[in-house]
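Bear in mind that the values in this text are calculations on the coordinates, not laboratory data. Bear in mind that the values here come from a model prediction, so they are computed numbers and not experimental data. FYI the Cβ positions are ideal-geometry reconstructions off the backbone, even for glycines, and counts take in every protein chain you see.
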């Protein structure tokens, strides 16, 4: 009996050890290594040999208008894309939560983008938005409206990127909201209906408050994903035109993997990491459940 | 008077239905169009693949001249190997990833121990920091472990996943206490409770976790490219990026054929599990 | 009962994982790794193994852009792989500066070195040391659609007739047409293969003639924002924005040309093989690369080079492979597989005299190979990667209608800032 009790004391460790060890080794140690790397330069010395430069990389980051600009663009982008995607995902979830004939088919179709990789999405949409040959301009012309430059003009490029990533993002996040909506007990909705609340009233004053925790979760996850958005920029716009889609991760990629300056790239990523954590903290505080 | 009222209600309802279906269909088209273009293009020849696209016409959504050339060509280039590799990678990741995630999720949901809040914060914080941010130090770490060009280099770093742990914790937390108390009183160990009681009732969570882990591996591109560019270990997304271009020229029919297969597999996987996938997230206790 | 199945699955996976970690290595057998995007790499590697049965070369294929990324990460972090390094001609200096390439002066036979075309030999040297031998040779040429030209009432150039950019512009304007008046040309006049890379666009300013980089190999201010550059790229901007003979957007020029929607197409000689193997359904031709009236003839074109990773565990074997891959024998394989001609002066001469190449379309190879004397290497600078990337941004913006002088001025400022770190 005593033996068994002793064994039980180690049970939590047994259950936790694999996950915690793996997280520390493969998630946290690289973060620390990244911060450390930001204090060195290796772009100017022999292979692998590094030189300690203190905070020089950070100073360089703050002095460079291109890096600085990429932070500003990312900030504006985040402030637009996150509420937009969360809002549209909520509406889409409400739409596919309607109990009408054939809804299962639509739900299945809406699930498809979730499974498609960013590479394929980027190829398809990059072409669809081509100024001369794109499908979208073809439709616009058919409607008798003037052609749009989309990815070719600084005033539309970032919006086009937002549209492309929302093609995947909105259906994806709406899955979470759909799960939440289906979890709301029908008694609550029934009593609202008896009180004479319309669908809009019910959505705003009954459903939204009940979804608060999911909204917080989705908003935070979406924020993290979009702060580190890279693939569509790399594959479609390469930061242009006129740096209008030059997001931080793309600048970090350029510094690290094109120019070969891992130190500066690490400094940019370290700053980004701090910004992300700060942003998420604010979102948590704002959306904290009130008792 | 009463009949008028009913007609009005019915009219209103019909209008609502029409509006609803117009919306549903419009969104469905926006989702299907780009995909059907890729699929249709995969069945054309290289010479005709752009004929209906320059400029774009509705014909682009149907193969201009049906052929399987693209598919034949990619399987000659060992695309089958890449598919198998990725299935293997996905399967192993799912099995071990679920084991690691479910065990720790169980501990967080049901066991008492010191530093629980701190350790759980460690889990939560880990998925606030996407792996992309630390890809270079991760590469150096894996290299120093001697894992470049190996299966474990592709698998092990992704096994512990904060979202999976979180999902299991939330799901397990809602399992009724009675289910656990009975065998505990009978002297079952926690491991026995976990294997015999918890896992069998957690199908939705297991499936959700499995789908998330598998999709993650399937759509993974940069990490496998970095850790294992060897042809023997080539995965689907890397194969797609290589097969599409040769001699500085795009082999369109092959690019589209490989893209089609690369997206078909996860779609086929996710559709039958749709109910569970949503159910698993639902069970994650985020509701209300 | 249900315990058994998951457990068995567990055990099986564990076993597989363990098996996978056991690497089989034969005695004395050496495996070299090589990251590349080059067609023909497997064939060259296989021939090398025929001569050296104990050495195999594992070809890790990646796409063009990823060759550079892989090099940056692996060589930059001091990894022992790849053993064989693929080096694009203009980054020999950049890699050399960082110590990523082993000097090969003693590893390559002297007569082989002497045989290389001069420009290629120059590109393979940094700081007086031979770091990365060239493996083949290339040049840009002007392709044209003869049927479209005829329809537009233009006499195509002879295969040895070098047009001026003025002639090209005039022809392009005649070729461009929008019969259905939908605002998009049915036929475009002129487009470049790599329309936003300095590799392709360098001759536009250089042929004026004007410099593309300061003598110190670092300065760009006063050069890429000079009046000459503004003049050259105003012409480039006009093609896309005012006279509207070149398409904006990302549609591949090769596809437009194949689709009879492009009259004049400037791209690498490696396309000839494509047009022969997958025949075009119209009459086409090849002429030498254009130049400015009264200016100098300069033609883009160089080679991939191969080097040896100094941290490799098999430097000797890797050097032996590099020597083979840059030999005349390998040169023949490169040509057979994808139509790039050899880096060796003597072979070029044989090539031009070969009766099999006297007629079109094989004559096209001779036209392209004949450009060798006019090929100017890309700007020799340790900061080439920064220079190229920032200029690409600028060229793309100019295509899309941004102000030319302002865009070039900003690009100059950005490049200068990056070059500062090399000045110390």
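A simple spin-label model places the labels of residue B:114 and residue C:186 8.3 nm from each other, with each point 7 Å out along Cα-to-Cβ.
Straightening the chain between residue A:98 and residue A:8 buys 27.5 nm, computed as 0.36 nm per residue apart minus the Cα-Cα spacing.
Secondary structure note: in the protein assembly as shown, about 65% of the DSSP beta bridges are antiparallel.
Here region B:81-106 is scanned for amide nitrogen atoms under 20 Å from the site 7 Å beyond the Cα of residue B:196 along Cα-to-Cβ, giving B:103, B:106. Comparing A:109, A:31, A:264 in a Gaussian network model of chain A, where Cα atoms under 10 Å apart are tied by springs, the biggest mean-square fluctuation is seen for A:109. Cα convex hull, region B:47-107: 141 Å³ per residue, rounded to a whole number.
Sorting A:227-239, C:159-171, C:132-144 by their mean Cβ neighbour count within 10 Å, with the most densely packed peptide first, gives C:132-144, A:227-239, C:159-171.
Above 30 Å lies some portion of the pair distances; for region B:70-286, what is it as a whole percent of all C-alpha pairs? The proportion of pairs with Cα distances above 30 Å equals 34 percent. Calculated mean residue ellipticity at 222 nm for chain C: -13000 deg cm²/dmol, from DSSP H runs with n ≥ 4 weighted as -39500 (n - 2.57), summed, divided by the residue count and rounded to 500.
Remind me, relative contact order of region B:16-164 in percent, using alpha carbon pairs under 8 angstrom and six or more residues apart? Write out the running numbers ahead of the final one.
Details: 80 pairs, mean separation 32.1, N = 149.
Averaging sequence separation for qualifying contacts and normalising by length gives 22 percent for region B:16-164.
Of the three principal axes defined by the Cα atoms of region C:160-284, the extents in descending order read 49, 35, 29 Å.
Compute the long axis of helix C:384-399 from its Cα atoms, compare it with the longest principal axis of the Cα atoms of chain C, and write down the angle in degrees, 0 to 90, nearest 10. The angle comes out near 40 degrees. Taking every C-alpha pair closer than 8 Å and separated by at least 6 residues, the mean separation divided by the residue count of chain C gives a relative contact order of 26 percent. Using only alpha carbons, region A:172-291 has a radius of gyration to Kirkwood radius ratio (Rg to Rh) of 1.18. The alpha carbon convex hull volume per residue for region A:41-194 rounds to 240 Å³.
Over region B:1-94, the fraction of Cα-Cα pairs per 10 Å bin, rounded to whole percents and listed from the shortest bin up, is 13, 22, 21, 19, 12, 8, 4, 0. Of the residues A:70, A:185, A:155, the one that moves most in a GNM of chain A with alpha-carbon contacts below 10 Å is A:185. Classify region C:313-382: rounded, prolate or oblate, from the alpha-carbon gyration tensor (a ≥ b ≥ c, eigenvalue square roots; a/c under 1.5 rounded; otherwise prolate if a/b is larger than b/c)? In terms of gyration-tensor shape, oblate.
The residues C:258, B:114, B:81, when put in order of fewest to most other Cβ atoms within 10 Å, stand as B:114, B:81, C:258. Legend: Rg and Dmax of the protein assembly as shown, from Cα coordinates, 30.4, 107 Å. Residues C:124, C:392, B:126, arranged from fewest to most other Cβ atoms within 10 angstrom of their Cβ, appear as C:392, B:126, C:124. Could you list the residues of region C:149-186 with an amide nitrogen less than 18 Å from a label point located 7 Å from the Cα of residue C:281 in the Cα-to-C-beta direction? Residues C:149, C:186 fall inside that zone.
Put simply, chain C fits an ellipsoid with semi-axes of 40, 26, 26 Å; these come from the alpha carbon gyration tensor as the roots of five times its eigenvalues, largest first. Once you divide the Cα radius of gyration of chain A by 2.2 N^0.38 Å, the number left is 1.26. Based on the convex hull around the alpha carbon atoms, region B:32-171 presents an average projected area of 12.9 nm².
With N counted as the residues of region C:256-373, its alpha-carbon radius of gyration over 2.2 N^0.38 Å works out to 1.29.
If R0 equals 22 Å, the separation of the Cβ atoms of residue C:127 and residue C:316 corresponds to a calculated FRET efficiency of about 0.45.
The value of relative contact order for chain B, using C-alpha pairs under 8 Å at least six residues apart, is 28 percent. Calculated mean residue ellipticity at 222 nm for chain A: -20000 deg cm²/dmol, from DSSP H runs with n ≥ 4 weighted as -39500 (n - 2.57), summed, divided by the residue count and rounded to 500. Per residue, the Cα convex hull of region C:215-267 amounts to 126 Å³. For a paramagnetic label modelled at 7 Å from the Cα of residue C:173 toward its Cβ, which residues of region C:263-287 fall within the zone defined by backbone nitrogen distances under 19 Å? In region C:263-287, the label zone of residue C:173 (backbone N under 19 Å from the point 7 Å along Cα→Cβ) covers C:263-265. Against chain C, whose longest principal axis is taken from its Cα atoms, helix C:315-325 shows a tilt of about 40°.
The GNM of chain B, with springs linking C-alpha atoms under 10 angstrom apart, assigns the highest mean-square fluctuation among B:211, B:267, B:22 to B:22. Could you tell me which of rounded, prolate or oblate describes region C:340-424, using a ≥ b ≥ c as the square roots of the eigenvalues of the alpha-carbon gyration tensor, with rounded for a/c under 1.5 and, failing that, prolate when a/b is larger than b/c and oblate otherwise? Judged from the Cα gyration tensor, region C:340-424 comes out oblate (a/c at least 1.5, b/c at or above a/b).
Over the C-alpha trace of region C:106-204, radius of gyration and Dmax come out as 20.3, 64 angstrom. For chain C, the longest principal axis of the alpha carbon atoms and the long axis of helix C:328-338 meet at an angle near 70°.
Answer rounded, prolate or oblate for region A:70-161, using the Cα gyration tensor with square roots of eigenvalues a ≥ b ≥ c: rounded when a/c is under 1.5, else prolate when a/b is larger than b/c, else oblate. Cα axes put region A:70-161 in the oblate bin.
Among beta bridges from DSSP that stay inside chain C, the antiparallel ones total about 60%.
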